[in-house]
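Read the structure below first, then the notes.
The values are calculated or read from the model by the stated rules, or taken from the named source; none is laboratory data. Bear in mind the structure is a predicted one, so any value in this text is a computation, not a measurement. Positions of Cβ are generated from backbone atoms using ideal geometry, with glycine treated the same way; all protein chains shown enter the neighbour counts.
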Amino acid sequence: MVAADITPDQTKTSRTRILHVGLGGWGGDWERNAIPPVTEVDRVAIVDAHEPTLRAAQEKLGLPDDMCFTSLTEAAKAVPAEGVVVTAPMDFHVPVALEALDAGLHVLVEKPFAGTVAEARTAVERAEELGLVLQVSQNYRFYPGPQKVRELLAAGTVGDLSVVHVDFRRWDHDAPVETYRHYQFPHPLIYDMAIHHFDLLRMTTGREAVSVYAKVTDPSWSKYTEEAAAVLVIELEGGLVCSYRGSWVSRAPETHWDGEWVFEGQDGYVTLAGRGNSGPADDEVRVGLAGGVAEAVQLPTMDVWGRSAGLRQFARAIRGGGAPDVTGRSNLGSVALMEAAARSAASGKVEPVEQVGGTVA
Ligand SMILES: NC(=O)c1ccc[n+]([C@@H]2O[C@H](COP(=O)([O-])OP(=O)(O)OC[C@H]3O[C@@H](n4cnc5c(N)ncnc54)[C@H](O)[C@@H]3O)[C@@H](O)[C@H]2O)c1
């Protein structure tokens, strides 16, 4: 498949032209909230394999027929574009990415990139062969809290780290089984949610995970088909240990989406909470030194954040502005930890995390 040609004018003077694949629940939210703030992009067509979903999106967005397709191949042939944003479910991420890359289009794909490192690697290698951008939307990175924590830890503000604790708690409020799709998700905690926290753990500490032990702790009232709650022990490079407790069925007070983090170091500790529903304003980072009370630190301001910040990096990378923070390759370490955690939950054993090479981004 070959994509429709872009005229020189379309790259020099206009915004980066993107096709959007997958207009379900989260894809719709991208249209409402993530794409509009990014002035560098123009979403020139939408694609959904499910005709009724496509038509519902078309109506909501008020788009003409020639901007709406049930296949990426058709869309790419008909509409000149430079990139594709993929918000289909995980199992389709790599197949759709390969389809797009083979059409000469750059790709930005939702998390989790893929269920296995081996599958993710096929897309990474194809993008590298073709010289195209392949980016993963790890949107939790692009909030002021994690950005500040990364900076504080890299500057040695609390000295050598000894341990990181992460708590994530939500409650599904006993939604009915018939209508709440999340109950049927594969690995709803480890693949759907903890992947965000795994990625933040790598980002903030700058270290890769080397092993993981996952013990599922589902209570009797969980309606999830697979794990809704688990306790994990993650060992990172240099012997740093992370204790992770995550639950979709907790009756304790809910955390924000980032969860609650404590990074303990030789000279003090850093706490992080954030990724609330009000945007960056919910982020909070505190530093406590030498046994003192933890004080809130000033966080950077961001004009766009979350998915929009990643999308802006995508548009700039396409136009030669440097690699985005999260490339397909740099995301392999997060996929490797996710894959090993799921393996450990099934085997009941400590599982090694595949070492994917490269540097932690
Ligand atoms: N980053 C976040 O915070 C966050 C939050 C929610 C969901 N997500 C991710 O977004 C993705 C989509 O989730 P969702 O809840 O919207 O799923 P969904 O099932 O509601 O929607 C997916 C849509 O993709 C379409 N689709 C599937 N295969 C396709 C193909 N080959 N070509 C075209 N369209 C295709 C389906 O018809 C469906 O309409 C998942 O990867 C999920 O993990 C991320």
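Here are some notes:
- Among (1) within 13 Å of the ligand (Cβ to nearest atom); (2) surrounded by 16 or more Cβ atoms within 10 Å (Cβ to Cβ), the one test that D102 misses: (1)
- Filtering A214, A315 for residues that are modelled with pLDDT of 95 or more, crowded, with 23+ Cβ neighbours inside 10 Å and part of a helix (DSSP H, G or I) leaves a single hit, A315.
- Sole exception among (1) in contact (Cβ under 8 Å) with a residue 12 or more places away in the chain; (2) in a helix (DSSP H, G or I); (3) of a type in the set (K, R) for R329, by number: (2)
- Only one of the numbered conditions (1) over 30 Å from L289 (Cα atoms); (2) out of contact with any Leu (no Cβ under 6 Å at 6 or more places or on another chain); (3) part of a helix (DSSP H, G or I) is not met by P176, and that is (3).
- Identity of the residue in the stretch 130-174, free of Cβ contacts under 8 Å to residues at least 40 places away in the same chain and touching a helix residue (DSSP H, G or I) at 6+ places or on another chain (Cβ under 9 Å), that ends up nearest to D192 (Cα to Cα): L132
- Taking first residues from the stretch 104-123 that are modelled with pLDDT of 95 or more and partners that are among the charged types (D, E, K, R) and away from the ligand (no atom under 14 Å from the Cβ), the Cβ contacts under 8 Å between residues at least 6 apart in sequence or on separate chains come to L105/E82; H106/E82; G115/E339; T116/E339; V117/E339; V117/E354.
- Here V166, V133 are screened, and the one residue that is in contact with a Gly (Cβ under 8 Å, 6 or more places away or on another chain) and within 23 Å of T327 (Cα to Cα) is V133.
- Taking the listed residues T255, T225, the one that is in a loop (DSSP other than H, G, I, E, B), β-branched (V, I, T) and under 15 Å from A345 (Cα atoms) is T225, with no other qualifying.
- Tallying residues that are within 16 Å of the ligand (Cβ to nearest atom) and over 14 Å from F113 (Cα atoms) within the stretch 123-141 yields 2.
- Beta carbons closer than 9 Å, at least 6 apart along the sequence or on distinct chains, pair a first residue in the stretch 67-80 that is under 9 Å from V44 (Cβ atoms) with a second that is surrounded by 15 or more Cβ atoms within 10 Å (Cβ to Cβ) and among the polar types (S, T, N, Q) for M67/Q58; P80/Q10.
- Only one entry in L337, L299, L332 is more than 27 Å from T225 (Cβ to Cβ) and touching a strand residue (DSSP E or B) at 6+ places or on another chain (Cβ under 7 Å), namely L299.
This table checks each residue for (1) under 16 Å from R17 (Cα atoms); (2) in contact with a strand residue (DSSP E or B) (Cβ under 6 Å, 6 or more places away or on another chain).
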{"position": "Q58", "(1), (2)": "no, yes"}
{"position": "L72", "(1), (2)": "yes, yes"}
{"position": "A81", "(1), (2)": "yes, yes"}
{"position": "V84", "(1), (2)": "yes, yes"}
{"position": "V107", "(1), (2)": "yes, yes"}
{"position": "E110", "(1), (2)": "no, yes"}
{"position": "G115", "(1), (2)": "no, no"}
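- Qualifying residue in the stretch 246-269 (condition: closer than 26 Å to V285 by Cβ, without any contact (Cβ under 8 Å) to a residue 60 or more places away in the chain and touching a Lys or Arg at 6+ places or on another chain (Cβ under 6 Å)): yes
- Meets criteria (in contact with a helix residue (DSSP H, G or I) (Cβ under 6 Å, 6 or more places away or on another chain), surrounded by 23 or more Cβ atoms within 10 Å (Cβ to Cβ) and either closer than 22 Å to T205 by Cβ or at pLDDT 95 or above (or both)) for A341: yes
- Residues being more than 14 Å from the ligand (Cβ to nearest atom) and outside any strand (DSSP E or B) - total across the stretch 106-116: 1
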